[in-house]
1. Given axes a ≥ b ≥ c from the Cα gyration tensor, I'd like to know whether region 48-119 is rounded (a/c under 1.5), prolate (a/b larger than b/c) or oblate.
2. Charges at C-beta only: +1 for Lys and Arg, -1 for Asp and Glu. How large is the resulting dipole of the chain about its Cα centre, in Debye rounded to 20?
3. For region 48-119, what % of the accessible area comes from carbon and sulfur atoms, probe 1.4 Å?
4. Going by average Cβ neighbours within 10 Å, how do the peptides 203-216, 342-355 rank, with the highest at the top?
5. Would you please give the residues with an amide H less than 5 Å from that of W117, counting only those at least 5 places away or on a separate chain, with H modeled from the backbone geometry?
6. Taking 25 Å as the cut-off for C-alpha to C-alpha distance, list the pairs among K170/K302; K141/K191; K141/K170; K224/K299; K170/K224 that go past it.
7. Explain nothing, just the number: relative contact order of the chain, from Cα pairs under 8 Å at least 6 residues apart, as a whole percent.
8. Percent antiparallel among DSSP beta bridges with both residues in region 48-119, to the nearest 5?
Amino acid sequence: MRDYDEVTAFLGEWGPFQRLIFFLLSASIIPNGFNGMSAVFLTATPEHRCRVPDSANLSSAWRNHSAPLRLQDGRPVPHSCRRYRLEAMANFSALGLEPGRDVDLETLQQEGCLDGWEFSRDVYLSTIVTEWNLVCDDDWKAPLTVSLFFVGVLIGSFVSGQLSDRFGRKNVLFVTMAMQTGFSFLQIFSKSFEMFAVLFVLVGMGQISNYVAAFVLGTEILGKSTRIIFSTLGVCIFYAIGYMLLPLFGYFIRDWRTLLLALTLPGLLCAVLWWFIPESPRWLISQGRFKEAEVIIHKAAKINGIVAPSAIFEPSELQDLSSQKPQSHSILDLLRTRNIRMVTIMSIILWMTIAVGYFGLSLDTPNLHGDVYVNCFLSAVVEVPAYVLAWLLLRHLPRRYSMATALFLGGSVLLFVQLVPPDLYYLSTILVMVGKFGVTAAFSMVYVYTAELYPTVVRNMGVGISSMASRLGSILSPYFIYLGAYDRFLPYILMGSLTILTAILTLFLPESFGIPLPDTIDQMLRVKGIKYRQTPSHTRMLKDDEESPTVLKSTAF
């Protein structure tokens, strides 16, 4: 049986058909960029203080001093969740007494914001926080909303692969794009925080499912030389383009419902792609639908101006494909031997930490000094050179040291943020962006590295479990940012420390650069620093490897 790439080699690697598929599938990822990070503006918390009703008849002096002061970043600011007792202030105001001069404010009793809050409209006209007063005792609901979105991403990661294998890559791609667009549109009409949050879970499910479907569809249609570029640069950079569009939308649209509508509408344009993006011929072949696969390959040849053979698959090959039975493996195989167990544990920690850093820094942009829209745009722009660097490192340098260097860079600069003087806030922003650069480069490389560490028989399960760990990290990331309400530098200290520890852990993983991909669990490269008992079969395998001078460069993703 010939390999599929060998059968379709006559199509070429980079003809008009391949370019069309590359750019259309990459373009379908753009809405994922601004939908995935829309929570930065939708759940933002503007400056706020307790509302003082007009019926209280307070003088302007007492209104200005109605909130007690508290220390924030070393300077006194009005408390956002407390006010002086309204009845006492009304009495003092009626007597003509002045706050601070005639009345010692520190002796006054305090109370909560019984009449609601006044929100600053300097940056946002409205967010879900101002809509449903998600502040003070309810301030945990805003990060919960973001975590629920990532819960949807986690669920989508579970089901998207199975749905794609059963119903086809193209069908799942467009159904989940419609799901993301449709539920985002329904969010505009949310009547409560609970309704918004539930819909956000469904948006997250559609968001990751169409991303995965587009990724798989592209890797299966495109040839070997194009596949790596599509996997590392195509989908990633177009995701970053969508991310860059988010602050542009947000700058001109300050109301959350209108902003969500503007972010939803581009998803409708993706429906046109149905007539241009074909189903994966590889998937059709796996389902025994050989004629449909041949029709697509013939159309591709026509677009490329190539005359295709009248019969692409020989009858004997079709019979071989129909009789093949997939080998059965379970998730327990990821823990079967000491070596694969260590690789699995280390991969889970690696993916989870990188996800906490990436999404934590992305969601933290509203809390940086300076313009929130500029900071968000910079956070998106810095991803483009990070993806390019990751691609170059994957092509030319060892995986282990490339990953560790990127993580050391990201973690160390985050720890330096707390040492920057308060008046040099631009330097703090630069350090955060450099940290984002390092973590993003590591995030891009970890997909390839993990796929190369696991053997063929359990590679999908290994990458899937690792990806699930990253979803758990993304669920936790909003609460890392939430800790900034207690100490502005605490999120950076935690994320920086975890990233550096993970960089050290990465150095103990096996090196896979320039090594043939393992096919069985016994062929896996050994984790560093662990003593293994060599069996006779293992000794023979080492001798065979030493005798073989050929080293194959891996191109798996």
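1. oblate
2. Using Cβ point charges on Lys, Arg, Asp and Glu, the chain gives about 1060 debye.
3. 46
4. 203-216, 342-355
5. Hits under the 5 Å cutoff: R51.
6. The answer is K141/K170.
7. Details: 818 pairs, mean separation 97.2, N = 557.
Value for the chain: 17 percent.
8. Details: 9 of 10 bridges.
Looking only at bridges with both residues in region 48-119, the antiparallel portion is about 90 percent.
The values are calculated or read from the model by the stated rules, or taken from the named source; none is laboratory data. Keep in mind that this is a model prediction, so the values were computed, not measured. Quick reminder, even Gly has a Cβ in these numbers, built from the backbone with ideal geometry, and neighbours come from all protein chains shown. Note: accessible area is taken over every heavy atom of the protein model, side chains too, but ligands, DNA and RNA are not part of it. Shrake-Rupley method; radii C 1.70, N 1.55, O 1.52, S 1.80 Å.
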